[in-house]
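Notes to accompany the following structure.
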Amino acid sequence: MTDRANPPEADDRLEEGDQPVPLLEMRNITKRFPGVVANEDVSFDLHAGEVHTLLGENGAGKSTLMKVLFGLYRPDEGEIRLRGEPVEIASPTDAIEQRIGMVHQHFMLVPTLTVAENVALGLTSSRGPLTDLDAVSARMGEIADRYGLSVDPSVEVWKLSVGERQRVEIIKALYRDAEVLVLDEPTAVLTPQEVDDLFVVLRQMTEAGRGLVFISHKLREVMDLSDRITVLRNGRVTGSTVPAETSRQQLAEMMVGREVNLAPDKPPVDTGAARLVLRNVSVIGDRGTLAVNGVDLDVAGGEILGVAGVSGNGQRELAETVAGLRPAEAGSTVELDGTDITAANPATTRSAGLSYVPEERMRDGAIGEFEVRENLLLVNHRNRSFLRGGLFDNERIRQHCQRLVDAFAVKTPTLDTPTSSLSGGNIQKLIMARELDSDPTVLLAAQPTRGVDIGAAEYIHSQLIDLRGRGVAVLVISEDLDEVLALADRIAVMYEGRIVTVVDRADATREGLGLAMAGAASDAE
């Protein structure tokens, strides 16, 4: 195995005490926003040839620290050194010139441009003022083949699923041959087997002298990939460790500052009749082709049915159809408690008892410019209990919203804070608070904890299990196999628009589900 302290392309210069000079040093970084100290005196380093993982809850300061590195924010205090020399990184262009790449949690893509055009943005073309998209596409193909991250270069980004957009971000960074690569939740769209393959490639990158900053909420992956782990909490470093000296449970407790239940308790529940019934559901996707093909599913009251699959296999279109956001093809049937909602609009589906947590929280779940309290009222602003004399009763509304914020531990300075300024996990908790407060009979949750920290995920999972105990039918669509295995009573695997297997949780294995997700098997046992 390659010596990670001295990889083939590492800088041979030594610091005092004969220690290798870090490829990257962030010294005493402080970054303040109005009313918030996002990073306080944070120091972080990265050596050539290693994977250094950054862990922390949403709002702990991980993304802010990395945005400082990538030139999206300027630090109020502290300095950045690359290869032992202080550098000023005033913009992403500066970062890219310094061979720093970043795959962002919230994508930095232009929706109206194609994949190839997005990858080429900001790069010098071999054709002068004209973009050589053929050359870009060819190079993308090489990267896609090597990393197993295929995506059509000619497709407009707005037509892609969330997972496909994440693949574009990964390809963008790899295309620029980054020496320091920041990976923020890079495995969300991969099967377990694909994660293993990606980790092999990432190790090849470190052995070539690159340094990787890995940000993930999947503690299993953190333990498998990391050379070092640094934990942030409330904007400060709370500890550093290595996998050999810690455990998933200890890491979770370092992140949250308290004991965390990584395996949610699921008491036995007597299931009732099917509350959500799908028969022969077929749906046309954004590309004009069949995205969902003849899906049959039943979800009983008191049951959590998990739908697993790699992003882009029809899960988003299926969820939007059930929620009344996308029409189904002729011959499809969607019933909720015996009521046909196949052609219903979102208001009608809600009236029938459906609550919906969409996978794209900032596109479909919340309005960024709206205040926290406004987003909490989006689906029930017609509730007469919020009116007095025909006008909104602002005091009662504030009391209601504050109760939800407190109950779901949404971290926000005030109820009047623009929702876009909250961290991703807190926006997700806000949406969950609103949807669960609607007292649903059926809950459809798509990617309920994507990008959410371990503490927030623990709470969201407990709420889903509580709904199950109250006889609600819960349909969870998730690309996180750990999440599906932890929550579901039954697991359905979706591949190329079809349900290829449905298996009881007790009979499911990670390997079998992974093969079914890849289309290599129809039996997850």
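The values are calculated or read from the model by the stated rules, or taken from the named source; none is laboratory data. What you see is a predicted model, and the numbers here were worked out from it, not measured in a lab. Positions of Cβ are backbone-derived with ideal geometry, glycine not excepted, and every protein chain shown enters the neighbour counts. With ligands, DNA and RNA removed, areas are computed over all heavy atoms of the protein, side chains included. Shrake-Rupley method; radii C 1.70, N 1.55, O 1.52, S 1.80 Å.
On the stretch given as segment 244-276, residues that are open to solvent by less than 30 Å² (accessible area, probe 1.4 Å) and either among the β-branched types (Val, Ile, Thr) or at pLDDT 95 or above (or both) total 4. Among the residues of segment 453-473, are any out of contact with any strand residue (DSSP E or B) (no Cβ under 9 Å at 6 or more places or on another chain) and among the polar types (S, T, N, Q)? So far as segment 453-473 goes, yes, one or more of its residues are out of contact with any strand residue (DSSP E or B) (no Cβ under 9 Å at 6 or more places or on another chain) and among the polar types (S, T, N, Q).
Scanning segment 416-454 for residues that are of a type in the set (A, V, I, L, M, F, W, C) and open to solvent by 10 Å² or more (accessible area, probe 1.4 Å), which turns out modelled with the lowest pLDDT?
Here is the first cut: in segment 416-454, the ones of a type in the set (A, V, I, L, M, F, W, C) are 422, 427, 430-433, 436, 442-446, 452, 454.
Now narrow it down to the ones that are open to solvent by 10 Å² or more (accessible area, probe 1.4 Å): 422, 436, 454.
Details: LEU422: 86, LEU436: 88, ILE454: 78.
So, considering only residues that are of a type in the set (A, V, I, L, M, F, W, C) and open to solvent by 10 Å² or more (accessible area, probe 1.4 Å), the one modelled with the lowest pLDDT is ILE454.
Within segment 473-507, the set of residues being in contact with a Ser or Thr (Cβ under 6 Å, 6 or more places away or on another chain) and among the β-branched types (Val, Ile, Thr) comprises VAL484, VAL493, VAL500, THR501.
Quick one: is PRO413 of a type outside the set (Ser, Thr, Tyr) and buried (at least 17 other Cβ atoms within 10 Å of the Cβ)? Step through it out loud before you land on a result.
Details: of a type outside the set (Ser, Thr, Tyr): yes; buried (at least 17 other Cβ atoms within 10 Å of the Cβ): no.
No: the conditions fail for PRO413.
Of all the residues in segment 268-288, those that are in a strand (DSSP E or B) and among the basic types (Lys, Arg) number 2. Please indicate, with yes or no, whether at least one residue in segment 204-226 is assigned to a strand (DSSP E or B), within 25 Å of LYS67 (Cα to Cα) and hydroxyl-bearing (Ser, Thr, Tyr). Checked segment 204-226: no residue is assigned to a strand (DSSP E or B), within 25 Å of LYS67 (Cα to Cα) and hydroxyl-bearing (Ser, Thr, Tyr). Residues considered: VAL379, VAL372. Of these, the only one that is surrounded by 22 or more Cβ atoms within 10 Å (Cβ to Cβ) and either under 27 Å from the mean Cα position of the chain (by Cα) or modelled with pLDDT of 90 or more (or both) is VAL372. The numbered conditions (1) open to solvent by 50 Å² or more (accessible area, probe 1.4 Å); (2) assigned to a loop (DSSP other than H, G, I, E, B) are all true for MET362 except (2). Do the conditions hold for VAL260, that is, is it of a type in the set (A, V, I, L, M), in contact with a Gly (Cβ under 8 Å, 6 or more places away or on another chain) and assigned to a loop (DSSP other than H, G, I, E, B)? So VAL260 fits the description; yes.
Out of VAL295, VAL237, VAL299, one residue alone is among the β-branched types (Val, Ile, Thr), over 24 Å from GLU458 (Cβ atoms) and modelled with pLDDT of 95 or more. It is VAL295. Taking every residue in segment 472-496 that is in contact (Cβ under 8 Å) with a residue 12 or more places away in the chain and open to solvent by 20 Å² or more (accessible area, probe 1.4 Å) and pairing it with any residue that is of a type in the set (A, V, I, L, M, F, W, C) and in a loop (DSSP other than H, G, I, E, B), at least 6 positions away or on another chain, the pairs with Cβ-Cβ distances below 9 Å are ASP480/ALA188; LEU485/ALA508; ALA486/LEU262; ALA486/ALA263; ASP489/VAL269; ARG490/ALA508; TYR495/VAL310; TYR495/ALA518. Considering each residue of segment 334-342 in turn, at least one proves to be out of contact with any Cys (no Cβ under 8 Å at 6 or more places or on another chain), in contact (Cβ under 8 Å) with a residue 60 or more places away in the chain and part of a strand (DSSP E or B). Look through segment 134-185, keep the residues that are of a type in the set (S, T, N, Q) and farther than 23 Å from THR449 by Cα, and return whichever of them is surrounded by the most Cβ atoms within 10 Å (Cβ to Cβ). Among residues in segment 134-185 that are of a type in the set (S, T, N, Q) and farther than 23 Å from THR449 by Cα, the one surrounded by the most Cβ atoms within 10 Å (Cβ to Cβ) is SER137.
In this structure, does VAL213 turn out to be modelled with pLDDT of 90 or more and surrounded by fewer than 19 Cβ atoms within 10 Å (Cβ to Cβ)? So VAL213 fails the test. Scanning segment 318-359 for residues that are open to solvent by 10 Å² or more (accessible area, probe 1.4 Å) and under 28 Å from SER423 (Cβ atoms) yields a total of 6. Sort out which residues of segment 95-119 are open to solvent by 50 Å² or more (accessible area, probe 1.4 Å), part of a helix (DSSP H, G or I) and under 14 Å from GLU156 (Cβ atoms), and write them in order of number. Of everything in segment 95-119, just one residue is open to solvent by 50 Å² or more (accessible area, probe 1.4 Å), part of a helix (DSSP H, G or I) and under 14 Å from GLU156 (Cβ atoms), namely GLU117.
Within segment 289-312, work out how many residues are assigned to a loop (DSSP other than H, G, I, E, B) and open to solvent by 20 Å² or more (accessible area, probe 1.4 Å).
So the first thing to find is which residues in segment 289-312 are assigned to a loop (DSSP other than H, G, I, E, B), and the list is 289, 301-303, 309-312.
Next, from what is left, pick out any that are open to solvent by 20 Å² or more (accessible area, probe 1.4 Å): 289, 312.
Number satisfying all stated conditions: 2.
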